[in-house]
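The values are calculated or read from the model by the stated rules, or taken from the named source; none is laboratory data. These numbers come from a predicted model, not from an experiment. Neighbour counts run over all protein chains shown; Cβ positions are idealised from the backbone, glycine included. We work out accessible area using only protein heavy atoms, side chains counted, and drop any ligands, DNA or RNA first. Shrake-Rupley method; radii C 1.70, N 1.55, O 1.52, S 1.80 Å.
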Amino acid sequence: MTRIRSLVVVALLVCSLFALPALAADGTTDEHVTDIGAQHDLDSSDAVSEFNSQGHTSTRLTRIDMTATVATQKSEVGLEHKLTPTDAVNDYLRLEYNEEATRTVRILIPKEYWTPYKQEGVESITTDHTATFEPARGGEYTSVVLEFDGPADVVLPAKWYDSMSYKALERVDQRMNKSVGVTLRGDGSQWNYVTADELTSGPGYEIGTHSDQLTVQYDATPDQPEETWINAPQGESMRQDLYYYTRDSENSTSYIVSKTEDPPTVRYKVNATFMDRLRGNIRDIQLIPDRFQDLFDGGDLFG
C-alpha cells in the first residue's frame, strides 16, 4: 500500500514538473481577450452550404463590431488586384474589425472550411497583424487568435498544404489509437457544447442520460485565448460553482447546474473514454501553480 501511495505521489509530481515549463512559456494571457468561440453564424449549416456552393460566406458578429468572411478566392476578400498569394494554395479568412478598443480576439472556424492545423505568426496580407492558428476541440475547429489595436481589415491565408499535413497526423493518430489505445490529438469527436445562456435558464441544462454515463468538463481559463478543459464534479461541490447530477433516476434525466450567473463554457460526452477523464484531471493538476499564485494575491486556491 505504501509503495502504491508513493507511485501516485511521484506521478503527480511528474505531471506538475512537465506542466510548469509550459505554463511559464505561455504568453497568451490577456486581460482584454474577447473569446467569440463558435458563437457565430459561420458555425451553421447554411453558412457551410453557401461556402460549398459559392466559394465564400460571411457573418456579422454580435458581441463586437466585426465581420468574418471565409473564401476560396482572393477576389472575395478584397485582394483581386494582388498577384500574390495565389488561390491555388490558399483559402482566406477576412476579419473586418470596426472598433477603437484594443483587444485580443479568439474565434473558432469550423473544420468544414479547412482542416485545422497549427501555425504561429500567420501574417496578414493586408496589414501588419499576425495571428495564431491552433486545432481546437479535438480538431473540430481552428482557433484563430490575434490582437487588434483599432479598426483594421485583416486578411489571413489558410494554406491547404498545411491543412493536409494536419490531416495526415489525424490518420496516424487513428492508427495509434486503434492499435495501442494512445491518441496524439485527443478525442473530441463527440463532445457536446453548452452555452452560458443554456446553463442559467431553469433548473440547469437537461440531458437525457444518467450522470454515471456522463463526463462533464468546463473551461477553467475563460479569460485566456486557449481553452483549459477540466472535469466538473458529479454532485454539488463546495469548491466549484458548476456540477452535474441525476434528478430522475427512473428516467435517467441529468442536469448540469451552474451556481453563478456567469458560468464558463461547458461540454459533455456520453460514455467518455478513460483518456478523456484522465486529460481533464491532468489539466486540473497543471493549474495548481496558478491557484497558489491567486491565493497569495488574495484569491481562492480552489476557485
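Hey, among THR195, THR215, which residue is within 20 Å of the chain's Cα centre (by Cα), at pLDDT 85 or above and polar (S, T, N, Q)?
Values: THR195 fails: at pLDDT 85 or above.
Going through THR195, THR215 in turn, the sole match is THR215.
Checking PRO263 against (1) without any contact (Cβ under 8 Å) to a residue 60 or more places away in the chain; (2) in contact with a Leu (Cβ under 6 Å, 6 or more places away or on another chain), only one condition comes out false. Which one?
Result: PRO263 fails condition (1) only.
Take the residues in the range 35-68 that are outside any loop (DSSP other than H, G, I, E, B) and of a type in the set (Val, Ile, Thr), then tell me which one is surrounded by the fewest Cβ atoms within 10 Å (Cβ to Cβ).
Taking the candidates together, the pick is THR67.
Quick one: would you say ALA24 is open to solvent by 80 Å² or more (accessible area, probe 1.4 Å), at pLDDT below 85 and not assigned by the TED database to the domain that holds PRO289? So that I can check it myself, show each step before the final result.
Working: open to solvent by 80 Å² or more (accessible area, probe 1.4 Å): yes; at pLDDT below 85: yes; not assigned by the TED database to the domain that holds PRO289: yes.
Spelling it out, ALA24 is indeed open to solvent by 80 Å² or more (accessible area, probe 1.4 Å), at pLDDT below 85 and not assigned by the TED database to the domain that holds PRO289.
Answer with yes or no whether THR115 is polar (S, T, N, Q), at pLDDT below 95 and buried (at least 19 other Cβ atoms within 10 Å of the Cβ).
For THR115, the condition - polar (S, T, N, Q), at pLDDT below 95 and buried (at least 19 other Cβ atoms within 10 Å of the Cβ) - is met.
State all residues of the range 132-159 that are under 11 Å from the mean Cα position of the chain (by Cα) and outside any strand (DSSP E or B); if no residue qualifies, say none.
The answer is ARG137, GLY138, GLY139, GLU140.
Does GLU99 meet the test of being touching a residue at least 24 places away in the same chain (Cβ under 8 Å) and part of a loop (DSSP other than H, G, I, E, B)?
Values: touching a residue at least 24 places away in the same chain (Cβ under 8 Å): yes; part of a loop (DSSP other than H, G, I, E, B): yes.
Yes.
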